[in-house]
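Since the structure comes first, as structure tokens, the remarks are kept for the end.
Each reported figure results from applying straightforward, stated rules to the coordinates on display, with no laboratory input. From a predicted model like this one, the values you see are computed outputs, not experimental measurements. Every residue, glycine as well, gets a Cβ built from its backbone with ideal geometry; the counts of neighbours run over all protein chains shown.
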Amino acid sequence: MQLDRLNSKTPLAISYLFVPGNRPERFTKAVEAGPDAIILDLEDAVHPDSKPAARAAIWAWQEATPSVACERYIRLNSVSSALFRQDLTWLNDMRYPERCDGIFLPKAECPQALGRTVEHLLAWRSGLKVVAIIETAKGLQQVESIAAIPGLARLAFGSLDFSLDINCTQIPEAFLFARSRIVLASRTADLPSPIDGVTPAISDLAVVGQDSHYARSLGFGAKLCIHPSQLSTVQRAFLPDSRQLAWADRVMRAVATGSHAVQVDGEMVDLPLIEHAQRLLELARLHAPIVRADAS
């Protein structure tokens, strides 16, 4: 995550909570759970027979809910499907486009088709945050071109679909190449740190925390969630803890004289580590309530 992006007044979302589009009774509850963003889902969480009802439910909730305490996204069906064309028609007819902060585009594979789609979506709603989910081998092979699409806001990794596509086991080693390539593509395209995929374990928060810390160690900056119980664990994992902040504070006090090569805790600290310390402190400032809760 780049420091100039962190200096914006609005912090980047860390926790994205999926909500099935055909479960409208969960929409407001999802917001109240405290995610940085909710994703009203029209794709995998909704049976094909229930797509029209899901669209109607999302439309009604958007109409009735002028504002919420988090960002709200909609995950459409894949660009190559007939369902996607139905989604676009439905989206174009929706009133109050400003009540949609962003769109997730699943199974992103073709840069040309995605580019046209992003252009269309930005014409529908200026400032829309469009996120492309990389979840197939073909998508990974095109990830650098996808990341470079004008107007794209962020990349995400769909690890479960990816494991299905390449027929691999859902273990960290099997996903390492894909995750690293998505991180590097995001960086070279000057995008924010990407969003990691879901952890299927709902009640085992130790696994959620382990997965989150691992993704953060590789360069991811956020994570997709499938249950409200995962949110606080995910949010804490992607933010600096009290030990890291204490180190960053010692670094900044040590370089207050203007030196870019100092000794902190018996180790040499030069400019890259100084900038890392600045980044940690800026993250803590932007997400102050979560960081304070973690320290208490």
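Among 59-71, 14-26, 256-268, how do they line up from the highest to the lowest mean number of other beta-carbon atoms within 10 Å?
14-26, 59-71, 256-268
How far, in nm, would the chain grow between Q112 and N92 when pulled straight, counting 0.36 nm per residue and subtracting the alpha carbon separation?
So the chain would gain 5.1 nm between Q112 and N92.
Please give the length that would be gained between I166 and A69 if that part of the chain were fully extended, namely 0.36 nm times their separation in residues minus their C-alpha to C-alpha distance (nm, one decimal). Intermediate results must be reported in sequence, preceding the final value.
On the way: separation 97, 0.36 × 97 = 34.92 nm, distance 3.80 nm.
Extra length available between I166 and A69 comes to 31.1 nm.
Would you check segment 3-237 for Lys pairs whose C-alpha atoms are within less than 20 Å, ignoring same-chain pairs closer than 8 in sequence, and give me the count?
7
In whole percent, what relative contact order does the chain give with Cα contacts below 8 Å and a gap of six or more residues?
Averaging sequence separation for qualifying contacts and normalising by length gives 16 percent for the chain.
Between D204 and S217, what is 0.36 nm times their sequence separation minus the Cα-Cα distance? Round to one decimal in nm.
Difference between extended and current length: 2.6 nm.
Placing unit charges on C-beta atoms (Lys and Arg positive, Asp and Glu negative, everything else neutral), compute the dipole magnitude of the chain about its Cα centre in debye, rounded to 20.
Around 460 debye, computed over the chain.
Remind me, relative contact order of segment 242-295 in percent, using alpha carbon pairs under 8 angstrom and six or more residues apart? Walk me through the intermediate numbers first.
Details: 41 pairs, mean separation 20.8, N = 54.
Computed value for segment 242-295: 38 percent relative contact order.
Rounded to the nearest 0.05, what FRET efficiency do S229 and D190 have when you use their Cβ-Cβ distance and R0 = 35 Å?
Taking R0 as 35 Å, the efficiency between S229 and D190 is 0.55.
Once the principal axes of the Cα atoms of the chain are found, what is the range along each, listed largest first in whole angstroms?
Dimensions of the chain along the principal axes of its Cα atoms: 63, 39, 38 Å.
For segment 161-205, what does the alpha-carbon gyration tensor say about shape, rounded, prolate or oblate, given a ≥ b ≥ c as the root eigenvalues, a/c under 1.5 as rounded, and a/b over b/c as prolate?
Details: a/c = 2.68, a/b = 1.49, b/c = 1.80.
Oblate, because a/c is 1.5 or more while a/b does not exceed b/c.
Which FRET efficiency, nearest 0.05, do S145 and R279 yield, Cβ-Cβ r, R0 35 Å?
Numbers: r = 28 Å, r/R0 = 0.81.
It comes out at approximately 0.80.
Can you compute the modelled spin-label distance between R99 and S81, with each label point 7 Å from Cα toward Cβ, in nm?
Roughly 2.4 nm, to one decimal.
Using a Gaussian network model of the chain with C-alpha springs under 10 Å, which one of V183, V46, V255 is most mobile by mean-square fluctuation?
Highest fluctuation among the options: V255.
Once you sort the root eigenvalues of the Cα gyration tensor of segment 132-211 as a ≥ b ≥ c, which label holds: rounded (a/c under 1.5), prolate (a/b larger than b/c) or oblate (the other case)?
Since a/c reaches 1.5 and a/b is larger than b/c, the shape of segment 132-211 is classed as prolate.
Using a/c under 1.5 as the rounded threshold, could you call segment 242-295 rounded, prolate or oblate? The axes a ≥ b ≥ c are square roots of the C-alpha gyration tensor eigenvalues, and prolate needs a/b larger than b/c, oblate otherwise.
Details: a/c = 2.78, a/b = 2.04, b/c = 1.36.
In terms of gyration-tensor shape, prolate.
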